[in-house]
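The structure appears below as structure tokens.
The values are calculated or read from the model by the stated rules, or taken from the named source; none is laboratory data. Remember, predicted model here, so these are calculated numbers, not experimental data. Every residue, glycine among them, receives a Cβ derived from its backbone with ideal geometry; neighbour counts consider all protein chains shown. In case anyone asks, the SASA skips ligands and DNA or RNA and just uses the protein heavy atoms, side chains included. Shrake-Rupley method; radii C 1.70, N 1.55, O 1.52, S 1.80 Å.
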Amino acid sequence: LHRLEEVPLEVLRQRESKWLDMLNNWDKWMAKKHKKIRLRCQKGIPPSLRGRAWQYLSGGKVKLQQNPGKFDELDMSPGDPKWLDVIERDLHRQFPFHEMFVSRGGHGQQDLFRVLKAYTLYRPEEGYCQAQAPIAAVLLMHMPAEQAFWCLVQICEKYLPGYYSEKLEAIQLDGEILFSLLQKVSPVAHKHLSRQKIDPLLYMTEWFMCAFSRTLPWSSVLRVWDMFFCEGVKIIFRVGLVLLKHALGSPEKVKACQGQYETIERLRSLSPKIMQEAFLVQEGQLDGTCVASFYT
């Protein structure tokens, strides 16, 4: 895992006290000072309060309060063997170097199994999709299983609706939207990808479905998620546009990617510089205007 950008301790303590005040008076802040919350999410949520803040921002906390005992009920149910086998096979692939998930049958893998199984029972018509596993794993690093479950529900139903259903129609549509936005943000990258007839699904599926948790360095993942929980899917679009623009946005870069294979490889092994959290936040705000017209 990559080193987090250093925030001076004094600044961190100030941010913590501001966030504590917000979390303790959440409804008031949401009603009157939503812009302030957004700016504070852009700066990054203090690590000690991140899990709690994500629950408030996503509405997972309210969902849990509205459904007392629901997770326990799902947890105790046997589940559909068809999904259980697939989930079981995926457990050890999630963040295998993280202390929580390192041992087979360890508490991290057990909780991950519980959360994913519960979702297949909560939405049997959707079942399980592989991309849900890294999402649930990131949540479990920040909160207990029951809270992680309700945040996962919110991501699947409110933030990225339709992404995890079998037909992948929603992700296909967002791939097309991303590609049309790219024309405004980086005509050079757009022209190159058009000329090579590269379907957006080839490079953006994992980015979007896993909310960059399998793409970016860890500190950037957390920073993107802080903003994603506050502002929604447009943050995922902004990050995608920054990566495409800076990976393929100049004649020199395009020249180095003559064929489809080279282009896709370039997008799979992105330069560390363009994945740094400060760079993504700054560039994402600059490219955010065209996204805002689609997603406001």
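Identify the single condition in (1) in a helix (DSSP H, G or I); (2) in contact with a Lys or Arg (Cβ under 9 Å, 6 or more places away or on another chain); (3) open to solvent by less than 80 Å² (accessible area, probe 1.4 Å) that MET30 does not satisfy, given that it satisfies every other one.
The one condition MET30 does not meet is (2).
Picking from GLN154, GLN183, GLN147, GLN172, which residue would you name as being open to solvent by 40 Å² or more (accessible area, probe 1.4 Å), closer than 17 Å to GLY59 by Cα and either assigned to a helix (DSSP H, G or I) or not assigned by the TED database to the domain that holds GLY79 (or both)?
Checking each option against the conditions leaves just GLN147.
Suppose we filter LYS273, LYS245 for residues that are open to solvent by 80 Å² or more (accessible area, probe 1.4 Å) and at pLDDT 85 or above; which single one remains? I'd like the intermediate steps shown before the answer.
Values: LYS245 fails: open to solvent by 80 Å² or more (accessible area, probe 1.4 Å).
Of the residues listed, the single one that is open to solvent by 80 Å² or more (accessible area, probe 1.4 Å) and at pLDDT 85 or above is LYS273.
Of GLN42, GLN55, which residue is at pLDDT 95 or above and among the polar types (S, T, N, Q)? Full working, then the answer.
Values: GLN42 fails: at pLDDT 95 or above.
Of the residues listed, the single one that is at pLDDT 95 or above and among the polar types (S, T, N, Q) is GLN55.
I'd like the full set of residues that are among the hydrophobic types (A, V, I, L, M, F, W, C), surrounded by 17 or more Cβ atoms within 10 Å (Cβ to Cβ) and not in a loop (DSSP other than H, G, I, E, B), limited to the stretch 33-48. Full working, then the answer.
Going residue by residue through the stretch 33-48, those that are among the hydrophobic types (A, V, I, L, M, F, W, C) are 37, 39, 41, 45.
Now drop any that are not surrounded by 17 or more Cβ atoms within 10 Å (Cβ to Cβ), which leaves 37, 41, 45.
Correct list: ILE37, CYS41.
I'm trying to understand the selection: among the residues of the stretch 229-244, which are of a type outside the set (Val, Ile, Thr) and within 13 Å of PHE208 (Cα to Cα)? If you could, list the steps in order and put the result at the bottom.
Taking the stretch 229-244 and keeping what is of a type outside the set (Val, Ile, Thr), we get 229-232, 234, 237-238, 240-241, 243-244.
Listed by number, the residues that qualify are GLY232, LYS234, PHE237, ARG238, GLY240, LEU241, LEU243.
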